[in-house]
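Below: the structure, in structure tokens.
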Amino acid sequence: MWAITPLCLGVTTVWRGGFIMKQGPESSERFDVPHTAFLLQDEAAGRKILVDAGISGDLEWSSRHHNPIKREPDQYLIPALARCHTRPEELEMVILTHLHWDHAKGVLELPAAIPVYVQRSELFYALDPCPPDAKHYETNVKDELPYFLKYYHQLRLLDGEKTITEGIRVIPLPGHSPGSQGIVVETKNGPYVITGDLINCMENWTKRIPAGICHSLNDYYQSFAKLESLEKQGAKILPGHDFAVFDMLPT
Ligand SMILES: [Zn+2]
């Protein structure tokens, strides 16, 4: 049985409209959101898996190219894992919800032998995204190999739903990006779904409002429907950028 620990890997001040699709003055309000990764542990079996890896590299550079980021010393990936008594070499694998920089660039902090699971459709899109999406994959940065190609040898490409190991399966949840996936984790408190940025904040879910960063509205609402059926079966929904997860799960 797995236990889920959320890790706060920094805080960003964002436009509300970017995270919760809204019209009018509300969309230009700013608020703080956490960058969250999730450590999955099966203590009895001594197994550890990381879901998403957060940001990496020069914070000042990232704050200029994206939104301003604040990071306490213990919000860097390796110290955050250490707080959970975890050395990076102990991680069996990383599962990425999607390849956006703030979820996937942190893989560069980890040992280069760790397998990294991602949907094939997400990688293909990241290589040649529509222009407004390029900054989310940093493919708009000239003369620089995109971060996700720096760990290309680690990538394990998935085609749709798959059981990764007992108690952990991935399900496609496209909408925010074409190859976004959710991770369904069985715990002693029932199943949880780590939703990445399909559900940035609980408000995206409770009011069924897509994120401002939306690749396909049609996919988005089909993914909402998929989550609704999982919720009916008892699954709890974990957003990717909401402080609420730190109350929902032990830290
Ligand atoms: Zn994203």
Subset of segment 89-115, residues crowded, with 23+ Cβ neighbours inside 10 Å and in contact with a strand residue (DSSP E or B) (Cβ under 9 Å, 6 or more places away or on another chain), comes to Val94, Ile95, Leu96, Thr97, His98, Leu99, Asp102, His103, Ala104, Gly106, Val107
Looking only at segment 160-188, how many residues end up being buried (at least 17 other Cβ atoms within 10 Å of the Cβ), of a type outside the set (Val, Ile, Thr) and outside any loop (DSSP other than H, G, I, E, B)? 4
Tell me which residues, restricted to segment 22-60, are of a type in the set (Ser, Thr, Tyr) and buried (at least 18 other Cβ atoms within 10 Å of the Cβ). Thr36, Ser56
For segment 126-143, indicate whether the set of residues that are in contact with an Asp or Glu (Cβ under 6 Å, 6 or more places away or on another chain) and assigned to a loop (DSSP other than H, G, I, E, B) is non-empty. no
Only one of Gly240, Gly196, Gly234, Gly182 is at pLDDT 95 or above and either farther than 22 Å from Leu99 by Cβ or away from the ligand (no atom under 16 Å from the Cβ) (or both). Can you tell me which? Gly234
Report, ordered by the first and then the second residue, all pairs with beta carbons closer than 6 Å, sequence separation of six or more or different chains, a first member in segment 165-178 that is closer than 23 Å to Gln41 by Cα, and a second member that is modelled with pLDDT of 95 or more and away from the ligand (no atom under 16 Å from the Cβ). Gly167/Trp2; Gly167/Glu186; Ile168/Val185; Arg169/Thr163; Arg169/Val184; Val170/Lys162; Ile171/Glu161; Pro172/Gly160
Count, please, the residues in segment 52-69 that happen to be under 18 Å from the mean Cα position of the chain (by Cα) and outside any helix (DSSP H, G or I). 9
Among the residues in segment 70-88, are any buried (at least 19 other Cβ atoms within 10 Å of the Cβ), under 17 Å from the mean Cα position of the chain (by Cα) and within 13 Å of the ligand (Cβ to nearest atom)? no
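The values are calculated or read from the model by the stated rules, or taken from the named source; none is laboratory data. Remember, predicted model here, so these are calculated numbers, not experimental data. Cβ coordinates were reconstructed from backbone atoms using ideal geometry, including for glycine residues, and neighbour counts include every protein chain displayed.
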